[in-house]
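The values are calculated or read from the model by the stated rules, or taken from the named source; none is laboratory data. If you're wondering where the values come from, they're calculated on a predicted model, not measured in any experiment. Cβ: placed from backbone, ideal geometry, glycine included. Neighbour counts: every protein chain shown.
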Amino acid sequence: MKREEKGISRRSFLKASSAAGITALSAIPSSQAHAAPLRVPGAEYGREKKVPVMCQMCAQFCPANACVKDGKVIRLEPSPVHEYSGTCGRSRAAAAALYSTDRITTPLIRTGERGEGKFRQASWEEALDLIGQKLKKLRDDGEPEKVILFSRFSSAMVWDLKFFELFGTPNIVSYGDTCFEVVGRSSQTILGFGSAGTHSSDYENADYGLIVGKNLGGAIIPHGWGAQFGKGLRHGLPLTVVDPRHPNEMAQSYAEWLPIRPGTDLSFLLGVLHFVFRKEYINKDVLPKTNLDALIDPKTLLPVHLDKAVKPNDYLVFDTATQSFVMSRAAAAPAYEGSYEYNGVTVQPAMALMKKSLVDLDPQKLSATCTIPVSRMESVADKLHAAAPKAFVEIGYRWTRHTTDFRAQICVHTLNILLGLYGHEGGVLLNRNVHFGGLPVEFPKPDMSKSILKWKIDNQAERWLASAVEGRAGIIQTVLDGKPYKPKMFFLWGQDIVAGTAGGKDVTDAFKSVESIIAVSPFWSDSVIYADIIVPGCTFLEQDQPFFSYYKSLIPVIGVSRKAVEPVMGSRDGYWILCQIAKRVLTGDEYNRYFLQLEKEGMRPTWESQFAGVTEHGNSGLTPEELSTLPRTLDDLLEHGSWGTRRSVPSPIPPKTATGKFEVYSFELALKFDMLGATYPDYADRIFASPLPVILEPRWMLQKPKLGDDEFVPATGFTPLSSFAGAQARDNPILVALHHRMRYANVFINEERALRLGLIEGDLVEIWMQEHPDEKQQAVLSVSQIIHPDVLFSYHGLGKGLQKTTEKMQYARKNGLNLNHFGRLRFSPGVCGHTPQDIVLKIRKVS
Amino acid sequence: MNEHPETIVAFTQLQRSYHNHVLHYMIFFIITGLPLLSTSFSFIGSFFAIPYDFLGGAYPVLSASGLTDNERLSAGLQVARVIHRITALLFVVHTIPFVVVQLIHVRSWAIWPEDSWGPAALFRGIKGLWVNYVCFGHVRIGKFNVGQKLFAWTMILAVTAITLSGFVLMFRDQFSEGVQEFSRFVHAASFVTIGVFLIVHLYLALLPMNRPSLYAMFRDGGLPTDYVRSHHALWYENLTRKKGIDPKPAEKAEHSV
Amino acid sequence: MRYLNMYDSISCLNCLACMSACSMENRMRLERDAGVSIERGVNEYLPGSYYLRPWRREVGKYPDSRFLVAFEHCRHCENAQCLIHCPAGAIERRPMGQVVINPSACIGCRTCRDVCPFDIPIYDNQTGKARKCIGCYDRVESGMQPACVTACPSRALISGPEDIVLAEGEDRIAIYSKRLGRDYIIYGKDKINRVVGRLGWVSIAAREDAEYYDLFARPAKATMIARDGLKMGGAVGAACVVAGAALHGLYLFAKRKDQVKADEHDTKENADE
C-alpha cells in the first residue's frame, strides 16, 4: 500500500479498525518453506587495501579511508581519527564521481561561444603549450597582475598559490565573500580573530542552544561538527531553531522552531538582546573583559580617547573608585553607567549607550518585522539566562545572504560574550588546528601593491570592511567597470564563480568579456563551461596531497591524503599539470629552484617539511602531551593515516583585538563609521557601520514592504547530499536517486499561498525577478506546511538555473533554481559579501 | 422443431464445449495455483521442476554444481506460473464468446428463480433438495433445483472475481498496491469458494441418480423427454406451453411423490 | 544471541549517509558476486540497490508543523511474515537473525511485499526478483558492522549483540525522557503483536511520534491475514465437504441396496403372480 505524505498513512487507519479480527486470525499457523542457507560470499572483508584520503566531495576534507581492491575504489569509509569522526553520504558515493562517464577525459579547447559548451579535443601538449604561452606573454609584458587565480577545490593545493605568487600576481582570490566572510569579519571585529569554522558550540555539554540562520545537519560537516552535534542530540540538547523553513536535519524530533521572515534575523536577535539588557541578564564577571567601560561621545560614537601607541591599545574610562578619568588599565572600578562631563562634552560609557539603544527598542516593531512573537523573543532570552554558562548562540560559519547579516552576526557575538557563554564548557569553544611547517622551498613574498581588492578597499566607500582576499564578486565588478584595471585572465582551479556568485548576467557578462579563461577540472561546472582551455586534473582519490589541518573540530587533526588509484578517465595529477605549466612559464632557473623537486620527488618533500614544522619548530599548536601521541616519523604517520588526539579541557579564550578586550562596542566600527561620514558624505549605508545596535531591514523589504500574491522572498539551504553546484554530487546517480526521493531539486512554498495561486504539488513553474522578466528559471513546485508563507525555498546547488551545464550531465536535474543566476551583482555594505537571497521573486505556472 | 421429440436439449453445443474446456482449465489452474497459495502444496511445485531438474540436477547440463532443493522448487514454481498465465489467457479467450452468447439470452436463463421469490420459496426449494437427495423422492422443479441455481450464481460471481483479480495480479504494476493486495485476497477467496463448491459439484455429477445429466453434458446435450417430464415437471410444462410440444400421454411416473 | 540494529530518530540528522552507503555497498556486491564492474555499477541508477529509503513526511499545520523523514527499512522481524509466506522457500534467517532473500531461489511473485506489514521488499524490475535489506549479513558474519551503521556520523544507527544494543537504547531514552519531557520507546524491543513478534531492527522515537516514523502499533496486512484465514477455512471447508459427500455416498449406497432388495422382491412377487 502507498504511504501518504501528509499526516498519518491511510493504512494505519484501516489497521486500527480491523485490528481485533486480524490479530485473532493471525493465530493461524502457516507452514514455513525450507530455505536453503546462502553461502556467505568470499567477501575479503577487512582485506582490502585501505588508503588514507581526505574526502573532497565537498570542501571540508573529512579524513577517510579509500578501500581499494584490484586497483579500484570500492568504498570510502570514515577514518576513525577521534570520537567526532565521520563522513557523509556524499563521501560514500565518491566512487560514482571517480568513475563518472561525464568526466572530462581530454584537454579541451573552445570552438563555440563562451558558455555554449562547444569544445574540441586537444592533446596535453597543445593545451599546456597554449596555457603556458598566454601566461608567459602576460608576464613578459609586465602584466602578471592581470591574471586572477580562483583556487578552491584545487588538484594542486598550496603549490598553486605559490606558483601564481611567484608568477607575479597579487590577485589570488578566494570565495569567502560568497560564503563565510560575514562570520569571519564579525568575529574579527569583536574578538580580534576568527574566520569560518573558528568556533564550535559545545553541544554535548550545553543545557540550551539557540541556532539562528544555520543548519548543522543541512550541509553537514560530519567530521567534527556533525558528530559533535549528533552527540549533543544524543544528550537531549534543548534547542531553539530560527529558520524560514523547519530544518528537519537539525530538528526533526523536538527542537522549538521559530519561523522567521528571511533577512530579519537581526530584528529577532535585537529583540533577544533587548530582553537580556532589560531583565539584567548580563554576566557581570564578563564585563571587565569587554571594552564596555570605554567613554564614548554620543554624538560621534567615537571613544573619547583611544591610545593606539601602546600595545595593547588603551582607552579612557571613568574610575568610580577615584572619581576621575583614567585609562582603563589604571582603573580600579570603571563605570558602566552614568553620564560624565569631559572637556565640555557629555560622555557616557559604551555600556550605557548600548543599554539605552537596546532597551529603547520596541519589541512589537521588531516582532512585526521578523514575524516572531515578542513572547518567544523573551522566552529565548530567559532560556539562555537560565542555562548560562552552559548555553550557546550558534556562530556557525555561513551567513552571507542579506544586507543585514553582518549586523545580525554581531548580535550573536554580543549575546555569547555578555551572557558569559564564551570559552566555557557547554558554551562556545575554540576549534583547534595544527600548524605545519611551510613548503620545502621558500618562495619570495608577493608584491601586493597592485592587488585589485586592496585597491577597492582603499578607494571604494562601500568596501569599508571588505577583505583583500575573500572577494571574487568584487573581481567580477572590476571586470565590468575596469577599476582599477581590467583583468585579462581568469585561471579557474576549483572555484565555480558562475554558479556560486550572486550576480546573474553581470557574472556571465564578465566571463564573456575577459580575454582568456583557463580551467583545470575533472568535472563540468557553470564556470568551466565558459573556459577557453580546459585540462582535466584528477580527483582527490587519484593523487597525493599535502597535509591539512583546518578542521571545524575541537580536537586537532592532521589530515593525510594519499593516492588511492592511478588517475583514471584520462586525467592527470594536478601537481604534474602545475609543473608542466611552470616549466613553460618560468625561467629555467626559477623552475629548477622552485619546482624541480616537486616534479621529481612528488609530495614527499612537502610532507617532510610540513611534518618537521609540527615536531621540531615548537609552534605546532599542540601541547607536549598531545605531541607525544603523534606517530614518531613521517613514514609512521603516512602508514597510520589521518591522526587526531582527544578532547582537551576548555580554557578561556583571550580576545586578540588591538585593545586586548572583547570589543562589544567595536572601535573598528566606530572609526569606520566616522571615516565614512568624513570621507564619503554621499555614502548611503553608513548606518551599517554603527558600533551601536541599530534596527535595519534587509534590502528586499525596503524595496517591497508588502509582497504581492505571486511574490516571494527566496530562502535556500544545502542538502546533505550535494556540494554547492558541484558535478561530483549533482551528477552522481547514487545521490541523485536520493535527491529525487527527497525532492531536493524542487522549490517549496507554503500551502496557503499555493492555494491562493491555484498551484498544486508537482506543477512546473516559472520564477523571475520583476526587474528582469526575460530571465526566467523553471522548477517543479512542492507545496508545504513547513515554510514561512513569504518564502520560496529551494536547496542550493541542484538547480539548472540559466546555464547550459546540465547538457553535459546525464543525471543532473534539467530544471530547478539557482538564485545566483537571478539579477545582477548585489553586495552587502561593508563586508561586501554577496546577497543572493535579498531579492523578491515572482512565480507563475507554466503548464 | 420436433413435434414429438425423444430428447430435449439440455445443454447447447457452446455450453458443452465451454464446460468441458473449463474443466481442463480448472485442472491446470488448480495444480499450478495451489503451490503459490500455500507451502503445503510445494511438492506440486517440485513436480513441475522435473524436466529442469533432469537437465540441471541429477544429470547436470544447465548447472555444473547441481541444483539445491530451493533452486529446484524455484524453477518448478516459475514453470507453474507460466502455465497458470497461459491457461488464464486461453480461459479468457474462450470465455468471451460464451459470455456474449449467454448474455444475449439472459432472459431465458434457467437459473433465475421460478414463479416465486423470497425466503419462503427458498425454504421450499431447500426442503425439496432434502426430499430429492436424501429421501430419493421426486420434486416439482424446473431445469435446475435451488441448490444448482445457487451453485451457478456463486460460480458466476466467483469466476468473475477470480478472473478480474487474476488480471490485476498478472499486470500488477498498472495498479496501486492497495488494489494489488486486495486482489490477492479476492483471488484466494474466490478460489476457496470455487474449490469447495467444485468438490460438491463433482460428487453430485458422478452420482448414479444424476447419470442422465452427466450424459447430457458429456454426450450430445440431450435428456430423454420422459426423464424431463418426470424429474423436471415444471421445466417440461414451460417447454410445452412455450414451444407447443405435444406431450405424449403421460406415462406412469415411476416414483410418485 | 541475536544481532540487533537500532535506529535513534532523536539523534538522526537526516543526512541519508546510511542510504548512500547501502546503495554503494550493494554496487560493490554486484562486482563481487555478479561480475558487474564497479565502474559500470556506479554509473547507473539501480533503484533496486537502495535497501534503505527516505519517506518525507510533514506533520501538522503551519506554524505548528514539522518535517521529518520516516526511515523505510527491513525490521528483520522475529516472525518474519515474508519468510513464513514465501512460496519458494527463498527466504532464510541467518544464524544472527538477519532475514535474507536468496536471489537464486526468488521467483518474483511479490508475496513478501504483499505480506510485509511495513511494505519493505521491493520488486526489482530489472532482475525480476524481490530485494530487501539483508542486514549486511556478509559483513556481520565477517566481523564488521552493517554498512549503514558505519556510515552514520551522528551515531543514530548502532548495532551489535542484543543485550549491548538494548542497554544503549535504554540509556538514551532515559536521557531523552528526562531532558525532553516526553515518553520515549524502543520499538521492537518487546513483542509488538503476534504478526511480527519482536524486531531485529529496533527504533527509538517519542511514543506520540511513533506512527509518523511508521512504527505501527499493530503492524499487519489485513488482506493477507484474512487470506491466511481463507486458506485454513478452505482446508476445513474442503474436509467437511468431502466428509459430507462420503457420508451421503454411503447413505445412498446403503439405501440403494435396500432399494435393489425391494425391487428384487417386487420382481419376484410379480414373477410369482
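Where the second residue is of a type in the set (Gly, Ala, Ser) and surrounded by 12 or more Cβ atoms within 10 Å (Cβ to Cβ) and the first is within 12 Å of B:Thr163 (Cβ to Cβ) and lies in the range B:88-114, which pairs have Cβ atoms under 8 Å and are six or more apart or on separate chains?
Matching pairs, first to second residue: B:Ala88/B:Gly166.
Here are C:Ala90, C:Ala151: which of them is in contact (Cβ under 8 Å) with a residue 60 or more places away in the chain and closer than 23 Å to C:Arg27 by Cα? Talk me through it step by step, then tell me what you get.
Numbers: C:Ala90 fails: in contact (Cβ under 8 Å) with a residue 60 or more places away in the chain.
Result of the check over C:Ala90, C:Ala151: C:Ala151.
Could we say that B:Ser165 is surrounded by 19 or more Cβ atoms within 10 Å (Cβ to Cβ), in the same structural domain as B:Leu202 (by TED's automatic domain parsing) and within 29 Å of B:Ala188 (Cα to Cα) here? Don't jump to the end; show me each part of the working.
Working: surrounded by 19 or more Cβ atoms within 10 Å (Cβ to Cβ): yes; in the same structural domain as B:Leu202 (by TED's automatic domain parsing): yes; within 29 Å of B:Ala188 (Cα to Cα): yes.
Yes, satisfied.
Within the range C:81-91, can one find any residue that is in a strand (DSSP E or B) and at the interface with chain A (Cβ under 8 Å from one of its Cβ atoms)?
Of the range C:81-91, the ones in a strand (DSSP E or B) are C:91.
Narrowing further to those that are at the interface with chain A (Cβ under 8 Å from one of its Cβ atoms): C:91.
Scanning the range C:81-91, I find at least one residue that is in a strand (DSSP E or B) and at the interface with chain A (Cβ under 8 Å from one of its Cβ atoms), so the answer is yes.
Name the residue, out of A:Leu702, A:Leu669, that is touching a Ser or Thr at 6+ places or on another chain (Cβ under 7 Å) and within 30 Å of A:Val242 (Cα to Cα). First the steps, then the outcome.
Details: A:Leu702 fails: touching a Ser or Thr at 6+ places or on another chain (Cβ under 7 Å).
A:Leu669 is the lone residue from the list that is touching a Ser or Thr at 6+ places or on another chain (Cβ under 7 Å) and within 30 Å of A:Val242 (Cα to Cα).
Does A:Gln810 meet the test of being assigned to a loop (DSSP other than H, G, I, E, B), within 30 Å of C:Phe71 (Cβ to Cβ) and among the polar types (S, T, N, Q)?
Numbers: assigned to a loop (DSSP other than H, G, I, E, B): yes; within 30 Å of C:Phe71 (Cβ to Cβ): yes; among the polar types (S, T, N, Q): yes.
Judged against the criteria, A:Gln810 is a match.
Looking at the structure I just gave you, is C:Met6 closer than 29 Å to A:Leu216 by Cβ and more than 8 Å from chain A (Cβ to nearest Cβ)?
For C:Met6, the condition - closer than 29 Å to A:Leu216 by Cβ and more than 8 Å from chain A (Cβ to nearest Cβ) - is met.
Can you name the condition, by its number, that B:Phe136 falls short on among (1) under 30 Å from B:His231 (Cα atoms); (2) buried (at least 19 other Cβ atoms within 10 Å of the Cβ)?
Here B:Phe136 clears every test but (2).
Give the residue that is nearest to the chain's Cα centre (by Cα), with candidates limited to residues of the range B:31-56 that are in a helix (DSSP H, G or I) and among the hydroxyl-bearing types (Ser, Thr, Tyr).
Restricting to residues being in a helix (DSSP H, G or I) and among the hydroxyl-bearing types (Ser, Thr, Tyr), the top hit is B:Thr32.
Could you say which residue among A:Lys704, A:Lys661, A:Lys672 is under 30 Å from A:Arg824 (Cβ atoms), over 25 Å from the mean Cα position of the chain (by Cα), of a type in the set (Lys, Arg) and surrounded by 18 or more Cβ atoms within 10 Å (Cβ to Cβ)? Please lay out each step first, then the result.
Numbers: A:Lys704 fails: surrounded by 18 or more Cβ atoms within 10 Å (Cβ to Cβ); A:Lys661 fails: under 30 Å from A:Arg824 (Cβ atoms).
The unique qualifying residue is A:Lys672.
Of the conditions (1) more than 22 Å from the chain's Cα centre (by Cα); (2) surrounded by 19 or more Cβ atoms within 10 Å (Cβ to Cβ), C:Asn5 satisfies every one except a single condition; which number is it?
(1)
Could you list all residues from the range A:476-504 that are within 19 Å of A:Pro829 (Cβ to Cβ) and touching a residue at least 60 places away in the same chain (Cβ under 8 Å)? First the steps, then the outcome.
Here is the first cut: in the range A:476-504, the ones within 19 Å of A:Pro829 (Cβ to Cβ) are A:476-478, A:481, A:483, A:501-503.
Within the range A:476-504, A:Ile476, A:Gln477, A:Thr501, A:Ala502, A:Gly503 qualify.
Kindly state which strands (runs of 3 or more DSSP E) lie completely within the range C:106-211 and contain at least 1 residues that are facing another protein chain (nearest Cβ under 9 Å) and touching a Ser or Thr at 6+ places or on another chain (Cβ under 7 Å).
Details: elements: C:122-124, C:129-131, C:157-161, C:184-187, C:201-206.
The strands (runs of 3 or more DSSP E) meeting that bar are C:201-206.
Would you check which residues across the range A:196-214 are outside any loop (DSSP other than H, G, I, E, B), under 20 Å from the mean Cα position of the chain (by Cα) and not hydroxyl-bearing (Ser, Thr, Tyr) and list them?
We begin by selecting, within the range A:196-214, every residue outside any loop (DSSP other than H, G, I, E, B); these are A:199-201, A:208-212.
Okay, now just the ones that are also under 20 Å from the mean Cα position of the chain (by Cα), so A:199-201, A:210-212.
Correct list: A:His199, A:Leu210, A:Ile211, A:Val212.
Considering each residue of the range A:213-247, count those that are on the phi > 0 side of the Ramachandran plot and at the interface with chain C (Cβ under 9 Å from one of its Cβ atoms), and give that number. Quick ask: steps written out before the conclusion?
Kept after step one, since they are on the phi > 0 side of the Ramachandran plot, are these residues of the range A:213-247: A:213, A:220, A:224, A:236.
Narrowing the set further to residues that are at the interface with chain C (Cβ under 9 Å from one of its Cβ atoms) leaves A:220, A:236.
Going through the range A:213-247 one residue at a time, the tally reaches 2.
Residues to consider are B:Leu157, B:Leu122; find the one that is assigned by TED's automatic domain parsing to the domain that holds B:His187, outside any loop (DSSP other than H, G, I, E, B), at pLDDT 95 or above and among the aliphatic types (A, V, I, L, M). Explain how you work it out, then say what you get.
Numbers: B:Leu122 fails: at pLDDT 95 or above.
Every option except B:Leu157 fails the conditions.
Right, A:Ala127: on the phi < 0 side of the Ramachandran plot and touching a Leu at 6+ places or on another chain (Cβ under 7 Å) or not?
Values: on the phi < 0 side of the Ramachandran plot: yes; touching a Leu at 6+ places or on another chain (Cβ under 7 Å): no.
Taking the combined requirement at face value, the residue does not satisfy it.
I'd like to verify a number: residues in the range C:30-52 that are in a helix (DSSP H, G or I), crowded, with 20+ Cβ neighbours inside 10 Å and touching a residue at least 24 places away in the same chain (Cβ under 8 Å), how many? If you could, list the steps in order and put the result at the bottom.
Taking the range C:30-52 first, the residues in a helix (DSSP H, G or I) are C:30-34, C:38-41, C:47-49.
Filter again for crowded, with 20+ Cβ neighbours inside 10 Å, leaving C:38, C:41, C:49.
So of that shortlist, the ones also touching a residue at least 24 places away in the same chain (Cβ under 8 Å) come out as C:49.
Total meeting the criteria: 1.
From the list B:Phe185, B:Phe144, exactly one residue is assigned to a loop (DSSP other than H, G, I, E, B) and hydrophobic (A, V, I, L, M, F, W, C). Which is it? Quick ask: steps written out before the conclusion?
Values: B:Phe185 fails: assigned to a loop (DSSP other than H, G, I, E, B).
The conditions single out B:Phe144.
What about A:Phe193, is it surrounded by fewer than 20 Cβ atoms within 10 Å (Cβ to Cβ) and either outside any loop (DSSP other than H, G, I, E, B) or under 20 Å from the mean Cα position of the chain (by Cα) (or both)?
On the way: surrounded by fewer than 20 Cβ atoms within 10 Å (Cβ to Cβ): yes; either outside any loop (DSSP other than H, G, I, E, B) or under 20 Å from the mean Cα position of the chain (by Cα) (or both): yes.
Yes, satisfied.
Collect the residues in the range A:248-265 that are at pLDDT below 95, more than 7 Å from chain C (Cβ to nearest Cβ) and in a loop (DSSP other than H, G, I, E, B), keeping them in residue-number order.
Hit for the range A:248-265 is A:Ala255, nothing else.
In the range A:700-745, how many residues are touching a Gly at 6+ places or on another chain (Cβ under 8 Å), outside any strand (DSSP E or B), more than 9 Å from every other protein chain (Cβ to nearest Cβ) and closer than 23 Å to A:Ser527 by Cα? Even if it seems obvious, please write down each step before you answer.
Residues of the range A:700-745 that are touching a Gly at 6+ places or on another chain (Cβ under 8 Å), as a first pass: A:700-701, A:713, A:717-726, A:729-730, A:735, A:738, A:745.
Of the ones still in play, those that are also outside any strand (DSSP E or B) are A:700-701, A:718-726, A:729-730, A:735, A:738, A:745.
Those still in the list that are more than 9 Å from every other protein chain (Cβ to nearest Cβ) too: A:700-701, A:718, A:722-726, A:729-730, A:745.
Subset that is closer than 23 Å to A:Ser527 by Cα: A:718, A:722-726, A:729-730, A:745.
Adding up the residues that qualify gives 9.
(1) more than 8 Å from chain A (Cβ to nearest Cβ); (2) modelled with pLDDT of 95 or more: which one isn't true of C:Ala220, the others all being true?
Answer for C:Ala220: the failing condition is (1).
For the range C:92-105, give me each residue that is among the polar types (S, T, N, Q) and facing chain A (nearest Cβ under 7 Å). Walk me through how you get there before you give the answer.
Here is the first cut: in the range C:92-105, the residues among the polar types (S, T, N, Q) are C:98, C:102, C:104.
Within the range C:92-105, just C:Asn102 meets the criteria.
Within the range A:446-461, is there a residue that is under 30 Å from A:Ser723 (Cβ atoms), surrounded by fewer than 17 Cβ atoms within 10 Å (Cβ to Cβ) and within 26 Å of the chain's Cα centre (by Cα)?
no
For the range C:35-56, give me each residue that is under 23 Å from C:Leu68 (Cα atoms) and facing chain A (nearest Cβ under 7 Å).
C:Pro47, C:Tyr50, C:Arg53, C:Pro54, C:Trp55, C:Arg56
Restricting to strands (runs of 3 or more DSSP E) lying wholly in the range A:42-106: which have 1 or more residues that are facing another protein chain (nearest Cβ under 9 Å) and under 15 Å from C:Arg27 (Cα atoms)?
On the way: elements: A:49-54, A:63-69, A:72-78.
So the answer is A:63-69, A:72-78.
Of the conditions (1) in contact with a helix residue (DSSP H, G or I) (Cβ under 7 Å, 6 or more places away or on another chain); (2) at pLDDT 90 or above, B:Val99 fails just one. Which one is it?
(1)
Could you tell me whether any residue of the range B:103-119 is surrounded by 13 or more Cβ atoms within 10 Å (Cβ to Cβ) and not in a loop (DSSP other than H, G, I, E, B)?
Of the residues in the range B:103-119, the ones surrounded by 13 or more Cβ atoms within 10 Å (Cβ to Cβ) are B:109-114.
Filter again for not in a loop (DSSP other than H, G, I, E, B), leaving none.
No, every residue in the range B:103-119 fails to be surrounded by 13 or more Cβ atoms within 10 Å (Cβ to Cβ) and not in a loop (DSSP other than H, G, I, E, B).
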